[in-house]
Amino acid sequence: MTTNDFSPGHVPHLEPGDAPWTDAELQLREKLLADESVPPASLEADIWSAMDRPSAPVSSGRFVALAVASGLAALAWFWPADVSETVDAKQAPTIQEATHVGDKMASGVQEEATIDDEALAPLLEAAPEEVASDVARSAPSEMPDGNGAQHDEGMTSIQGLGVSELKGGNEGERFPLKQDSTPVQQERREATLEVKQ
Amino acid sequence: MDDELKDLLERCKAEERSAQTALYRRFSSKVFATALRYTDSRDEAADIAQESWVKVFRHLTKFKEFNSFEGWVRRITVNTAITHYRRNLKHRYHDDVTETLATPLDLEASKKADFTMSEIHTAMSALPKGYRTVVQLYLVDGYSHKEIAEMLGVDINTSKSQLSRGRKQLQSFLAAMSQRAKPADEAGRALDP
């Protein structure tokens, strides 16, 4: 903004095609530039109180904004890595052994649950014993004997379905599902599952 | 720049309150008049003037002595006023503009007229706010269309068209004033012995 010229003789430059300044306009300019108006008496005191008020320098404000922004950027950059590490190390579910619910129901065996989440452990430990005994009372005793075995048998039948029974399915034919007389030997292995984000 | 002002500025740079008071009292009426040109209320003009003076004192070290101090203070005041204007623009409705053009005869009459400050203020305040701002920035404070476009956040052509329309309206207001003043002058002359 260095083009301003407030000298009395100066006339602002006009664009080509503009009508020249009239005498009235130039008179208006001169008078407005020389105009004075007495400000309210309170203004002076207001200025000094505004001057005395401590104001945070702009540079420190910028510094704080920059620090916050870079902190957020760093957090956003490292956040996914932290989560995956946590999941891999601590929270990855591990299937140790396939168990049949029916077996346990039938035998009434109660096993202690292993709690992987360390944060939840103290809460569960603090649970009243009444709750645990209620759970133990309700689950196995209300299940009639033999249901577990039947359920187990059904599972075995489906799992042991011979591959040959599915032949022709691709050609639109329908074959009744038959139960194999000799169920296929099942092999149970330990499996691990990794969850990656 | 006179020696007294130079000395005053040096003491102001050293944050001497008595010098700051003296500087304020020397230029306060000019600053307030500039602020008043860009607003309709004295309260807002006082706010603009206060902000401007705080800026003047805080940035006084940036002032170069070979420039006009009054011009430097005026630029700060105008920039502060424009910041207020843009802030208020969000809450203002569009001005309806009725164009009335002065005839060549009116313009001829306005040439000879000697307008009072009151008439000039009346003519300026009769302009729609947008036209008035551009006319003042260009005609009075000497900003270019490019600078006005940047300050107001508008296109350069908008600045040009607002100036052109504003000037036409201003000319017709001033011409009408000079026409009204004429019969009064003639009547006054007739009464003179």
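What follows is calculated from the coordinates using simple rules that are stated; it is not laboratory data. Because the structure is a prediction, the values reported are computed rather than measured. As a convention, Cβ positions derive from the backbone with ideal geometry for all residues, glycine included, and neighbour counts pool all protein chains shown.
Here are the numbers for this structure:
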{"quantity": "Per-residue Cβ neighbour rank within 10 angstrom, fewest leading, B:HIS84, B:HIS145", "calculated": "B:HIS84, B:HIS145"}
{"quantity": "Convex hull volume per residue in cubic angstrom - Cα atoms of the stretch B:3-89", "calculated": "86 Å³"}
{"quantity": "Within the stretch B:37-73, GluC sites (Glu not before Pro) in DSSP loop having at most 13 other beta-carbon neighbours inside 10 Å", "calculated": "B:GLU65"}
{"quantity": "Label-point separation in nm, A:VAL64 to A:ALA19, each point 7 Å along Cα→Cβ", "calculated": "5.5 nm"}
{"quantity": "Most to least packed among B:22-28, B:154-160 [average Cβ atoms within 10 Å]", "calculated": "B:22-28, B:154-160"}
{"quantity": "Order of B:ASP2, B:ASP40, B:ASP141, A:ASP46 - criterion: other Cβ atoms within 10 Å of each residue's Cβ, fewest first", "calculated": "B:ASP2, B:ASP40, A:ASP46, B:ASP141"}
{"quantity": "Average beta carbon contacts from partner chains per residue of A:38-50, 10 Å cutoff", "calculated": "6"}
{"quantity": "10 Å Cβ neighbours from other chains, averaged over peptide B:135-146", "calculated": "5"}
